[in-house]
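Below: one structure, written as structure tokens.
The values are calculated or read from the model by the stated rules, or taken from the named source; none is laboratory data. For clarity, every value in this text was computed on a predicted model and none was experimentally measured. Heads up, the Cβs are rebuilt from the backbone with ideal geometry, glycines too, and the neighbour counts pull from every protein chain shown.
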Amino acid sequence: MKKKIGVYVCHCGGNISDYVDIEKVKDAVKDEANVYLLKNTLFACSDSSQKGMVDDIKTSELDAIVVASCSPKLHVPTFRGVAARAGLNPYNYVQVNIREQSSWAHSDQPTGATEKAILLVKAGIARAAESQALTPIKIPTTNATAVIGAGIGGMRSAIALADMGTEVYLIEKEMSVGGHVANWGNLFTANINGNELAASLHNEIKKRPNIKLFTNAELTEKKGSIGNFDIKVKSGNETLPLHIGAFVVNTGFAPYEPVSGEYHFGEYDNVITLPEFKKLIDTPASELVYKGKTIKKIAYIYCVGSRQDEEGDNKYCSRYCCTAAIHSSIQVKSKFKNITNLHFNRGIRTYGKQELHYEESSKNGDIYLQFSLDSIPQIEKKGNKTIVKVKDILTAGKELETEADLIVLVTGMVPRKNENLTNQLKIPVGRDNFFNEIHMKLRPVETVIDGVFIAGTCQSPKNILETLNSSMAAAAKANSILTKGEMSLEPTLAMVNPAACNLCDNCFEACQFDAIVQTEYEGRKVAKINVSNCKGCGMCTPVCPTDAIDLADFTNAQIESMIDALTE
Amino acid sequence: MATNAQPRILVFSTEKISDPAIDLAGLLKKHYPFTVYTISVPCSSCIKPRWIMRAYEKGFDGVFIAADGTDCSYGESCGEKTSHIVTSTHQLMRDKGLKPSQLKMAALCSVCAEPFVKHITSFMKELEKLKYEALSTK
């Protein structure tokens, strides 16, 4: 039967339309069979576009829709919702990925990207024409979560999950909890010490019987899928099997370690990193002394290991280091007498309330000098003296030089290496090599691995407040999926055509889930799918010698019509 | 059918595991030839030989199965079963005068953006060579 299909081609701002000629795509598919309505949209996912689609489906009585935009991982739930709101079965909607698999993958060849997008949209239309109305299947879920990493973020996730009624297994690789923060001194803005913050969270964990903390522990095995993972955790010499519904990964960052010779790090004994400096000023003393020398004049060099040029891997801003350096400079001045702070920066990024700190430092008499990446400060020794030279943007590029007793390299964050966890969970990493969320704004704590959520600085550089916020967001997301006790799965069930079945044993042998049973059909014994056991893998379909089994939503008709469309 | 001379590859990838790797390649702007098209399936062990043969019949030069391997959420036998599909399809291909090297399979996990691009680039080169040899013998 001929279907009335609505096709929407998205510009995604310019993410798609900068490389794919949307008008050409529309022109090429307008005469395809079943296309009843064809529109382009600046952002298909926007509220106004979604409302327009709902109106179109209702007004034009569409039988199916095709949305050509981004990866299905991002917006399938969005547009299934659109279909449902309009009274259309959500499985009569087809997503076509012309962003990740066309405009971005072939941004070097816009003509090719357009040609590919045309064929992908045609294939989507062909699939939609063969689509059937389907009903999702429900599976029970386990309301238990493994939180990996017991830094402040992981502990906050665990507390939030526990308070929402989820059983939590908090897994920490080290012998103690709190991560980097537990070793830090005074923190802005709370004005408490890092170890106090870590201890207060740890105390909260101890109060909750539904949090089980494992230290010196690692995830060693993971099987299953969202809602029902079987995992093994090695804690000391013991390996424990656990059954969980989701993961929250909160494994934190590693501090950037300057390469040897970077600003003479490792060559001059008075060049240190910000974490080393923070430890130094936290040490009780009446005078600031480093390696036997009294320190009075401190030069802070910002953005070391962050915002690197084309040759460096770390293009990102580490977000916390401007504030941390200024905070340290205020502390050092309040704790020790006659300190001069010189901040060699590339533009101070003390956003939000942290701006108050910058103001305080400026009022304290700290000196700010700004450099650009093509003219970084030069450090040299003149006898016993260390000289820092810079072309200061704030004084019209004038070359200034000053002596400094101590050079503090304001180092940022880099991704923590954790091959074992990456191998177990297979979380993709982004261009910055941190774990990658599906979408920074729309799905900020979800990964492409269903049931695996990320939070904190394993995802991107964050300050403490941002870490705690994302940790609670990940906890809320995991809980929202598990707390209902069941979740919907794709209705991709195998379907036997009894007329074609000769009842050989092939499908019984192929199925790992005992989902094939015998039944009677017109006096013959034939195979039948036990839908409560079928997982929708389709392993039974290619082994059938008479091709009597199809997989719903991946039928011969759908796949072959797509192949045909891709070769038009 | 498109008129460009570049070989055309149909990729069967899996929704949960290898699709994210191919998407990640795009996100990271790791370029590969645009004549590579993907059809997603739940698991590589559900790919029917008739679909692969249909692709050749309609003009694809190569088919690449981006299998889940041991990461498959449906079970560890997925890799073995996908290999059987490849083996039985090879026979069908020989019967039609196609070379078994026109069908490739490799396990790709969700972070395998770089391996995907390497596999596809090298497969494309092989197919170009095959295409050139076929033209030379005509």
Could you please find all residues in region B:1-18 being modelled with pLDDT of 95 or more and not polar (S, T, N, Q)? B:PRO7, B:ARG8, B:ILE9, B:LEU10, B:VAL11, B:PHE12
Could you tell me whether region A:300-320 includes any residue that is more than 31 Å from the chain's Cα centre (by Cα) and free of Cβ contacts under 8 Å to residues at least 12 places away in the same chain? no
Taking A:MET53 and the conditions (1) over 16 Å from A:ILE118 (Cβ atoms); (2) more than 14 Å from chain B (Cβ to nearest Cβ); (3) assigned to a loop (DSSP other than H, G, I, E, B), which numbered condition does it fall short on, given that it satisfies the others? (3)
Of the residues A:ASP450, A:ASP432, which single one is surrounded by fewer than 20 Cβ atoms within 10 Å (Cβ to Cβ), closer than 18 Å to B:ALA113 by Cα, within 13 Å of chain B (Cβ to nearest Cβ) and of a type in the set (Asp, Glu)? A:ASP432
Residues in region B:61-72: is at least one at the interface with chain A (Cβ under 7 Å from one of its Cβ atoms), at pLDDT 95 or above, within 30 Å of A:LEU74 (Cβ to Cβ) and surrounded by 20 or more Cβ atoms within 10 Å (Cβ to Cβ)? no
For region A:415-433, check the following and say yes or no: at least one residue is within 10 Å of the chain's Cα centre (by Cα) and in contact (Cβ under 8 Å) with a residue 60 or more places away in the chain. yes
I'm trying to understand the selection: among the residues of region A:388-416, which are surrounded by 15 or more Cβ atoms within 10 Å (Cβ to Cβ) and β-branched (Val, Ile, Thr)? A:VAL388, A:VAL390, A:ILE393, A:THR402, A:ILE407, A:VAL408, A:VAL410, A:THR411, A:VAL414
From A:LYS173, A:LYS212, residue being part of a loop (DSSP other than H, G, I, E, B), basic (Lys, Arg) and touching a residue at least 40 places away in the same chain (Cβ under 8 Å): A:LYS173
Given the structure, is B:SER13 at the interface with another protein chain (Cβ under 7 Å from one of its Cβ atoms), under 21 Å from A:MET539 (Cβ atoms), buried (at least 23 other Cβ atoms within 10 Å of the Cβ) and touching a residue at least 24 places away in the same chain (Cβ under 8 Å)? no
Counting only residues that are within 10 Å of chain A (Cβ to nearest Cβ) and in a helix (DSSP H, G or I), which one in region B:86-115 is nearest to A:PRO428 (Cα to Cα)? B:ALA113
Just a yes or no: is a residue in region B:125-133 surrounded by 14 or more Cβ atoms within 10 Å (Cβ to Cβ) and within 14 Å of the chain's Cα centre (by Cα)? yes
Since A:LYS315 meets every condition but one in (1) at pLDDT below 95; (2) crowded, with 19+ Cβ neighbours inside 10 Å, which condition does it not meet? (2)
Segments classed as strands (runs of 3 or more DSSP E), wholly inside region A:467-568, with at least 2 members that are within 11 Å of another protein chain (Cβ to nearest Cβ) and free of Cβ contacts under 8 Å to residues at least 24 places away in the same chain: none
On the basis of being among the aliphatic types (A, V, I, L, M), touching a His at 6+ places or on another chain (Cβ under 8 Å) and in contact (Cβ under 8 Å) with a residue 60 or more places away in the chain, does A:ILE379 make the cut? yes
For region A:69-96, how many residues are outside any helix (DSSP H, G or I), touching a Leu at 6+ places or on another chain (Cβ under 7 Å) and either farther than 13 Å from A:ILE57 by Cα or within 13 Å of another protein chain (Cβ to nearest Cβ) (or both)? 1
For region A:98-117, how many residues are more than 7 Å from chain B (Cβ to nearest Cβ) and either touching a Phe, Trp or Tyr at 6+ places or on another chain (Cβ under 8 Å) or surrounded by fewer than 24 Cβ atoms within 10 Å (Cβ to Cβ) (or both)? 5
Considering (1) buried (at least 17 other Cβ atoms within 10 Å of the Cβ); (2) more than 14 Å from every other protein chain (Cβ to nearest Cβ); (3) among the hydrophobic types (A, V, I, L, M, F, W, C); (4) not in a loop (DSSP other than H, G, I, E, B), say which one A:LEU62 fails and leave the rest. (4)
Is it fair to say A:PHE229 is surrounded by 20 or more Cβ atoms within 10 Å (Cβ to Cβ), assigned by TED's automatic domain parsing to the domain that holds A:ILE192, at pLDDT below 95 and not β-branched (Val, Ile, Thr)? yes
Applying the selection to region B:30-85, what residues are aliphatic (A, V, I, L, M) and more than 19 Å from A:PHE508 (Cα to Cα)? B:VAL36, B:ILE39, B:VAL41, B:ILE52, B:MET53, B:ALA55, B:VAL63, B:ILE65, B:ALA66, B:ALA67
Index of the failed condition, B:TYR74 passing every other in (1) under 23 Å from A:PHE229 (Cβ atoms); (2) assigned to a helix (DSSP H, G or I): (2)
Quickly run through region B:16-56 and pick out the residues that are surrounded by fewer than 19 Cβ atoms within 10 Å (Cβ to Cβ), in a loop (DSSP other than H, G, I, E, B) and touching a helix residue (DSSP H, G or I) at 6+ places or on another chain (Cβ under 8 Å). B:LYS30, B:HIS31
Go through (1) without any contact (Cβ under 8 Å) to a residue 40 or more places away in the chain; (2) at negative phi for A:GLY87 and report which single condition fails. (2)
Note: among B:GLY26, B:GLY75, just one is facing chain A (nearest Cβ under 7 Å), more than 21 Å from A:ARG127 (Cβ to Cβ) and without any contact (Cβ under 8 Å) to a residue 24 or more places away in the chain, namely B:GLY75
Among the residues of region A:204-217, what is the count of those that are crowded, with 18+ Cβ neighbours inside 10 Å and closer than 15 Å to A:ASN250 by Cα? 3
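From A:LYS363, A:LYS353, A:LYS385, A:LYS333, grab the single residue that is surrounded by fewer than 16 Cβ atoms within 10 Å (Cβ to Cβ), touching a strand residue (DSSP E or B) at 6+ places or on another chain (Cβ under 9 Å) and assigned by TED's automatic domain parsing to the domain that holds A:LEU274.
Result: A:LYS385 is the single residue among A:LYS363, A:LYS353, A:LYS385, A:LYS333 that is surrounded by fewer than 16 Cβ atoms within 10 Å (Cβ to Cβ), touching a strand residue (DSSP E or B) at 6+ places or on another chain (Cβ under 9 Å) and assigned by TED's automatic domain parsing to the domain that holds A:LEU274.
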Residue among A:LEU197, A:LEU161 that alone is in contact with a strand residue (DSSP E or B) (Cβ under 6 Å, 6 or more places away or on another chain), crowded, with 17+ Cβ neighbours inside 10 Å, part of a helix (DSSP H, G or I) and touching a residue at least 40 places away in the same chain (Cβ under 8 Å): A:LEU161
Sole exception among (1) over 23 Å from A:ASP392 (Cα atoms); (2) in contact with a helix residue (DSSP H, G or I) (Cβ under 8 Å, 6 or more places away or on another chain) for A:SER329, by number: (1)
